[in-house]
Each structure stands twice: as C-alpha cells, then as structure tokens.
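The block underneath contains the structure these notes are about, expressed in structure tokens.
What follows is calculated from the coordinates using simple rules that are stated; it is not laboratory data. All figures in this text were calculated on a predicted structure; none of them were measured in a lab. Quick reminder, even Gly has a Cβ in these numbers, built from the backbone with ideal geometry, and neighbours come from all protein chains shown.
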Amino acid sequence: MTTTGFGTADYVLWAPFTWIILLIVMLTGASAGSTSGGIKMIRIVITIKACFYEFKRILHPQAIVPVRYNNLLVSESILNKVLGFLFLYLIVALAGSLILAATGMNFEESIGGMVSCLGGVGPGLGSVGPYGNYAAISDSSKWILSVAMLAGRLELFTFFLIFTPTFWKK
C-alpha cells in the first residue's frame with residue numbers, strides 16, 4: 001500500500017486466499033490526500049455507511065437517515081460522486097483485466113497487474129509479482145498497463161474528462 005513497489009516476501013507463494021486480501025488492499029489504497037492510488041479509504045467508509053443506512057431505510061421507510069462522516073452530513077451529490085467513482089473504478093479494473101487476458105496474460109497476472117497499475121502499487125500477482133517484473137509481458141499489455149497507471153495516478157474522473165469535447169473548448 002506504500003506504492004513504492006517494495007516487497008520483502010514472495011507472496012505469490014502464499015495461499016491464494018491471501019492474494020485476495022492483498023488485492024483488496026491494493027484496490028482500497030490509502031487515505032484521502034495521499035499520492036497513493038486506489039479508491040481511497042474515505043470513499044470506502046462513505047460507501048459502507050451508505051449501504052448500512054440504506055438497510056436502515058428499508059427497515060424503516062418513514063425514517064430520515066442521512067449519511068454522516070465525522071459528524072458532518074454527506075450531501076446527496078457527494079454520495080452520488082463517491083458511488084459513481086467506486087463503480088467506475090471497479091468497471092475499469094474488470095474491463096482492463098479482461099483486455100489483458102485477451103492479450104495473452106494469464107488470469108491471475110491480468111487481475112494482479114491491472115489492480116497494481118491502476119492503484120500505482122507496484123508488484124502484482126504471478127510473473128509481475130514481488131520477485132518478478134513486467135519485462136516478460138507483451139508490448140500491448142505494457143501499453144494497456146501504462147494507460148492504467150496514468151488513469152489511476154490522475155484519478156479516473158480527471159483522466160476520462162480529458163477525452164471529452166467540452167474539456168478542449170475554450
């Protein structure tokens with residue numbers, strides 16, 4: 001989660017269950033304001049609270065149950081942006097993994113590489129793990145992962161905003 005690419009152990013040799021935990025940590029990222037990639041903890045917390053309060057609203061349809069973070073009310077527009085970002089991040093990670101798999105990377109390498117590059121983490125899974133590198137993958141996979149790194153570092157909304165015509169109008 002430091003995004004330094006530093007590894008002290010070859011976690012690819014560990015049980016596959018630990019890979020899932022590591023992928024979740026890679027997806028989650030660090031705190032808000034950090035240069036680390038990932039979804040960011042504040043978005044995860046707000047999403048979990050929104051889900052929890054939605055269950056409360058289902059159980060008590062007449063109740064007004066606002067989402068709060070640090071005792072501050074989270075507006076509906078902020079909540080929509082957070083949920084939209086989370087959805088977009090997961091869609092980009094899934095689509096990128098499928099595209100990488102189509103270029104010839106195996107399943108674990110494509111998921112690990114995409115999550116790693118999108119989050120700016122460094123090592124992924126398989127041959128792109130902590131004791132491997134990205135040298136053995138195809139050029140097309142390197143280009144896809146490079147775009148994922150750029151998108152993850154700039155944040156997804158900013159990255160996709162660049163491709164809209166409105167952005168380029170004066």
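Annotations for the structure displayed:
- For the chain, the residue among G112, T28, S75 whose Cα projects farthest onto the positive side of the dipole built from Cβ charges is S75.
- For the pair F55 and D139, the difference between a 0.36 nm per residue extended length and the Cα-Cα distance amounts to 25.6 nm.
- F167-I91 pseudo-label distance in nm [points 7 Å out on the Cα-to-Cβ vector]: 1.6 nm
- Angle of helix 107-119 to the longest C-alpha principal axis of the chain, folded into 0 to 90 degrees and rounded to 10: 60°.
- Near A63, once Lys and Arg are set to +1 and Asp and Glu to -1 for all other residues with Cβ below 11 Å from its Cβ, the sum equals +2.
- Its DSSP H runs of at least 4 residues, each contributing -39,500 (n - 2.57), put the calculated 222 nm mean residue ellipticity of the chain at -18500 deg cm²/dmol, to the nearest 500.
- Close Lys pairs in the chain (alpha-carbon distance under 26 Å; sequence gap of 8 or more, or different chains): 8.
- A simple count of charges around A32, restricted to other residues whose Cβ falls under 14 Å of its Cβ and scoring Lys, Arg +1 and Asp, Glu -1, yields +2.
- Anisotropy class of region 63-148 from Cα gyration tensor, a/c 1.5 cut: prolate
- Ranked by how many other beta carbons lie within 10 Å on average, peptides 116-124, 12-20, 134-142 from highest: 116-124, 134-142, 12-20
- With Cα atoms, 0 to 90° folded angle of helix 41-59 axis to the chain main axis: 50 degrees
- I42 versus Q62: modelled label distance in nm, points set 7 Å from Cα along the beta carbon direction: 3.7 nm
- Highest mean packing first, where packing is the average number of other Cβ atoms within 10 Å per residue, the peptides 79-92, 157-170, 25-38 line up as 25-38, 79-92, 157-170.
- Overall form of region 15-168 per C-alpha gyration tensor (a/c, 1.5; a/b vs b/c): prolate
- Nearest 10 degrees, 0 to 90: helix 76-102 Cα axis against the chain principal axis: 20 degrees
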